[in-house]
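A.B. asks: Sharing a structure with you now.
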Amino acid sequence: MDEDEARRRFAASRVARMATVTAAGSPHVVPVVFALLGDVTYTAVDGKPKTTPRLQRLANVAATGRASVLVDEYRADWSALWWVRFDGTAQVLEADSAEASMAIDALTLKYPQYVTDPPTGPVIAVRLTRWQSWEATPTP
């Protein structure tokens, strides 16, 4: 698929998996909700129950400055499978920054659950360095 189609599928997806790496090199993957604004993907720490507010993904981004965000489509019909990966440099933004506020607004527009309970925690910004994609049956 071309970059425009990859971007369209990525932006329309409701859930992604964010991959980061610890300072010691161990992989860490978690499901996230996200918003794509231009060439930046945002995800925020929200009020869903968590084991701790000190999330590993935040520590990993702070330590390495990198992340990948993957969306995919699985179906029993394997000719319809595809995935899109967004690789980039990453940083943790404080929730009260202008950029984080813009990201939280975009997340609230995408996810109705956030209208009454918007994220209040830090925001992770992943700035595009590379799109990667694959599909079982290429689009014409």
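The values are calculated or read from the model by the stated rules, or taken from the named source; none is laboratory data. Computed from a prediction, not measured in an experiment: that's the story for all the values here. As a convention, Cβ positions derive from the backbone with ideal geometry for all residues, glycine included, and neighbour counts pool all protein chains shown. Surface accessibility is based on the protein's heavy atoms, side chains included, excluding ligands, DNA and RNA. Shrake-Rupley method; radii C 1.70, N 1.55, O 1.52, S 1.80 Å.
A.B. asks: Could you count how many residues in the range 1-29 are at pLDDT 95 or above, open to solvent by less than 60 Å² (accessible area, probe 1.4 Å) and among the hydrophobic types (A, V, I, L, M, F, W, C)?
C.D. replies: Result for the range 1-29: 7.
A.B. asks: L37: open to solvent by 80 Å² or more (accessible area, probe 1.4 Å) and either small (G, A, S) or at pLDDT 95 or above (or both), yes or no? Working first, answer last.
C.D. replies: Numbers: open to solvent by 80 Å² or more (accessible area, probe 1.4 Å): no; either small (G, A, S) or at pLDDT 95 or above (or both): yes.
Criteria not met by L37.
A.B. asks: Looking at the range 109-128 only, could you name the residues that are in a strand (DSSP E or B) and either crowded, with 17+ Cβ neighbours inside 10 Å or out of contact with any Phe, Trp or Tyr (no Cβ under 9 Å at 6 or more places or on another chain) (or both)?
C.D. replies: V123, I124, A125, V126, R127
A.B. asks: In the range 65-81, is there at least one residue being surrounded by fewer than 19 Cβ atoms within 10 Å (Cβ to Cβ), of a type in the set (D, E) and touching a residue at least 60 places away in the same chain (Cβ under 8 Å)?
C.D. replies: yes
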